[in-house]
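To start, the structure itself, in structure tokens.
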Amino acid sequence: MSRSFRQTLRSLKQDVSGLAMIEFAFAAPLVLGMGMLGTDTASLVIAHLQVSQIAMQVADNASRVGEEDTLAARRVYERDIIDTFLGAEKLGENISIYQQGRVIISSLQQNATGGQWIAWQRCRGAKNYNSSYGVQGAGATGNTFPGMGVPGRYITASVGTAVMFVEVAYDFRSITPMNLFNNQQIVYTAAFNVRDNRDLTQLYTGGPVARCTTYSANRPT
């Protein structure tokens, strides 16, 4: 029995048939972990790119909308802003932009005394996020409101025109069980000066209103 047992141990010692499987068992967690990390990182980078593009598109579109009239300043209606939000919905459909994020459009203009103010502001999205730079009516009087954007490099509107300032905030969701970047907040801003001679007195009624007191992914009705 003792001799047979020693022979069995010797044969097991020399047996390398399962070596590759054992090595794979040790390496698999590391390889899978690196793969998931790479996948989540790539997904996060793509989300940053898409949120940035949405901010740029919304600001650009908002600067162009309005009723075309060669004899008068272009009027902008509530339905025009709704259409602008619809464009963002199409562009951000694959990342659920309104389910996991929020888009804010502000019309930055000069007030009666030459200061900066937010004449109107419209929002859409389920994310509980408010503008980091002020709400509708901020700076309506006086010159204390500096503008919108990074301190020291504020964006301001010139007399007789407006700047469409857009903020997009988005909560990233990891696509792997690793959850390394899950719920990381992505925020981008963009600003475009209005393209045409625009009626700046008001945002005209006509169509649903995308109120900033509503937090929903649904289209305003």
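The values are calculated or read from the model by the stated rules, or taken from the named source; none is laboratory data. None of the values given here were measured: they were computed from a predicted structure. Because the Cβ atoms are built from the backbone with ideal geometry, glycine has one as well, and the counts that use them run over all protein chains shown. To get the accessible areas, we keep the full protein, side chains included, count just its heavy atoms, and leave off ligands, DNA and RNA. Shrake-Rupley method; radii C 1.70, N 1.55, O 1.52, S 1.80 Å.
The table below lists the values:
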{"item": "Hits in segment 152-166 (condition: part of a strand (DSSP E or B) and open to solvent by 30 Å² or more (accessible area, probe 1.4 Å))", "result": "155"}
{"item": "Of all residues making up segment 183-205, the number that are more than 23 Å from residue 110 (Cα to Cα), surrounded by 14 or more Cβ atoms within 10 Å (Cβ to Cβ) and not aliphatic (A, V, I, L, M)", "result": "2"}
{"item": "Residue list for segment 43-65, filter: of a type outside the set (Ser, Thr, Tyr) and open to solvent by less than 50 Å² (accessible area, probe 1.4 Å)", "result": "44, 47, 50, 51, 54, 55, 58, 59, 60, 62, 65"}
{"item": "Members of segment 24-42 found to be of a type in the set (A, V, I, L, M, F, W, C) and open to solvent by 60 Å² or more (accessible area, probe 1.4 Å), listed by number", "result": "24, 25, 26, 30, 31, 32, 34, 36, 37"}
{"item": "Number of the condition not met by residue 213 [criteria: (1) of a type outside the set (A, V, I, L, M); (2) modelled with pLDDT of 95 or more; (3) open to solvent by less than 60 Å² (accessible area, probe 1.4 Å)]", "result": "(3)"}
{"item": "Residue identified as without any contact (Cβ under 8 Å) to a residue 60 or more places away in the chain and open to solvent by 20 Å² or more (accessible area, probe 1.4 Å) among 114, 149", "result": "114"}
{"item": "Failed item, numbered, when residue 82 is tested on (1) over 16 Å from the mean Cα position of the chain (by Cα); (2) among the aliphatic types (A, V, I, L, M); (3) under 20 Å from residue 130 (Cα atoms); (4) open to solvent by less than 20 Å² (accessible area, probe 1.4 Å)", "result": "(4)"}
{"item": "Top-ranked residue of segment 167-177 - restricted to ones that are open to solvent by less than 80 Å² (accessible area, probe 1.4 Å) and assigned to a loop (DSSP other than H, G, I, E, B), ranked as nearest to residue 128 (Cα to Cα)", "result": "172"}
{"item": "The lone exception for residue 65 - which of (1) part of a loop (DSSP other than H, G, I, E, B); (2) of a type in the set (Val, Ile, Thr); (3) over 22 Å from residue 219 (Cβ atoms) it fails", "result": "(3)"}
{"item": "Condition met for residue 141 (surrounded by fewer than 14 Cβ atoms within 10 Å (Cβ to Cβ), assigned to a loop (DSSP other than H, G, I, E, B), in contact (Cβ under 8 Å) with a residue 12 or more places away in the chain and over 22 Å from the mean Cα position of the chain (by Cα))", "result": "yes"}
{"item": "Number of positions in segment 109-138 that are more than 18 Å from the chain's Cα centre (by Cα), outside any loop (DSSP other than H, G, I, E, B) and of a type in the set (Gly, Ala, Ser)", "result": "1"}
{"item": "Some residue of segment 95-105 being open to solvent by 50 Å² or more (accessible area, probe 1.4 Å) and part of a helix (DSSP H, G or I)", "result": "yes"}
{"item": "Matching residues, segment 127-137, being farther than 20 Å from residue 199 by Cβ and either crowded, with 18+ Cβ neighbours inside 10 Å or of a type in the set (Asp, Glu) (or both)", "result": "127, 129, 131, 133, 134"}
